[in-house]
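Read through the structure below, which is laid out as structure tokens, and then see the notes.
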Amino acid sequence: KSANALKFATSQILGTLGKNIQELRKQLIHFLSLIEVNIDFPDDSVPFRPSENEIQALVDVLEKCREFIRQHNDACFLKEGIRVTICGAPNVGKSSLMNRLLEKDRSIITAVPGTTRDPVEEGLNIDGVPFVITDTAGIHQTDDLVEIIGIEKAKDHITTSDIILYMKEPGAEFSEREFEKLVPPGKKVIFVVNKIDLCEGNLPKLSEKYRHIPTVEISALLNKGVQELKQKILNISIADLDMEKSPVIPNLRHKKALEQAVESLEAALDGLKNGQAEEILAIDIKTSIDSLGTITGETASLDILDTIFSNFCIGK
């Protein structure tokens, strides 16, 4: 869908992800060999007491797996598109903004409030990053059943959106109560003030509590400030993502394998803390190795034996 999506897919094909996973497996296999040699060859080994460095290595693997999962969550938009929802009161200019962002007439525009009832979605590419823009019904109090359904759909899109363009126009006031009722906590929001061509002053301002939210003033009618808004959307979308260096997990199967590895590693670390039997620790570590192996196509058994005989003088 975009140049950046291709970059991430290529990094997987070239083995960036595989090399990282192989290194994590290597550390886990070493740790498991310490346990296995004590279980299988008790006469030739010392009691299993991992050093602080060896335990820390296990913690480091766990944190790296968690980091990969976070990278997947941050970067899955490269396949699906970052979801951007335009919301606000009726006739505030949501559909006009949608058309300006897309540079084509996608949403129907009339002077009649409530023209948009069903959400209208369209793909948009900004500097190689894919977005899915949604125009929604105007949020207001109404007894009209059809409008109520449209407003509920709008709220659903707001809830699942990655970025919200919260629109106001001159003469309207920003209400904390209204904002908090509509926008879930923690959402990325851009406060968009439209129709600045109609009024030099009396533009709505954010309250002190929400002064941190970026504000962009535009005129969708005259296409003023729209490019600035596009840049702002792009900046807050990828602010925490390193496009060049992050070996992102590009599909759900890999993410699930990492989640299984994390679960097993957490159990192993708890077991170490609580003095769990070596056999149970070995199962947890091996499960994590096997989970990572589903990403690289490797199995643990032969690797463990190779490590044991390479590092311990068994039977000598």
Looking at (1) in a helix (DSSP H, G or I); (2) at pLDDT 90 or above; (3) not polar (S, T, N, Q), can you tell me which one residue 254 breaks?
(2)
The stretch 49-105, residues that are farther than 26 Å from residue 123 by Cβ, basic (Lys, Arg) and at pLDDT 85 or above:
64, 66
Output the number of residues of the stretch 258-297 satisfying the condition of being in a helix (DSSP H, G or I) and either touching a Pro at 6+ places or on another chain (Cβ under 8 Å) or of a type in the set (S, T, N, Q) (or both).
9
Give me the pairs, please: first residue somewhere in the stretch 116-140 and more than 13 Å from residue 86 (Cα to Cα), second residue anywhere and modelled with pLDDT under 85 and aromatic (Phe, Trp, Tyr), beta-carbon distance under 8 Å, and either six or more positions apart or on two chains.
129/77; 130/77
The stretch 274-297, residues that are free of Cβ contacts under 8 Å to residues at least 24 places away in the same chain and polar (S, T, N, Q):
274, 276
Selection over the stretch 159-181 where residues are surrounded by 13 or more Cβ atoms within 10 Å (Cβ to Cβ) and touching a residue at least 60 places away in the same chain (Cβ under 8 Å) yields a count of 10
Within the stretch 109-127, work out how many residues are at pLDDT below 60 and within 19 Å of residue 226 (Cβ to Cβ).
2
For residues in the stretch 132-144 being touching a strand residue (DSSP E or B) at 6+ places or on another chain (Cβ under 8 Å) and within 17 Å of residue 181 (Cβ to Cβ), which is modelled with the highest pLDDT?
136
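The values are calculated or read from the model by the stated rules, or taken from the named source; none is laboratory data. All of these numbers come straight from a predicted model, not from anything done at the bench. As a convention, Cβ positions derive from the backbone with ideal geometry for all residues, glycine included, and neighbour counts pool all protein chains shown.
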